[in-house]
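The values are calculated or read from the model by the stated rules, or taken from the named source; none is laboratory data. Since we're looking at a predicted model, the values are computed, not measured.
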Amino acid sequence: MLEILDYLKARYVSEKAQGIVEYALVLAFVVVVAVALGTSGDLTNKVKEAFTNVTNAFASKSTGQH
């Protein structure tokens, strides 16, 4: 009986740890991408410009302008 409990404990503890490691890797990847985008001035300006264009498009549609 103890062997079964030890097996189940080891299995679920290792899966939880694996999930935490996966989340940490995803978070690290997001941080690296954010830093890369933040340091590249031209790319940052292009992203801001794209968001501005989308915002203006929504604003013109809501006021009925084309």
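Worth a mention:
- When Glu3, Glu15 are screened for being modelled with pLDDT of 80 or more and charged (D, E, K, R), only Glu3 passes.
- Subset of region 25-48 (residues that are at pLDDT below 85 and among the aliphatic types (A, V, I, L, M)): Val33, Ala34, Val35, Ala36, Leu37, Leu43, Val47
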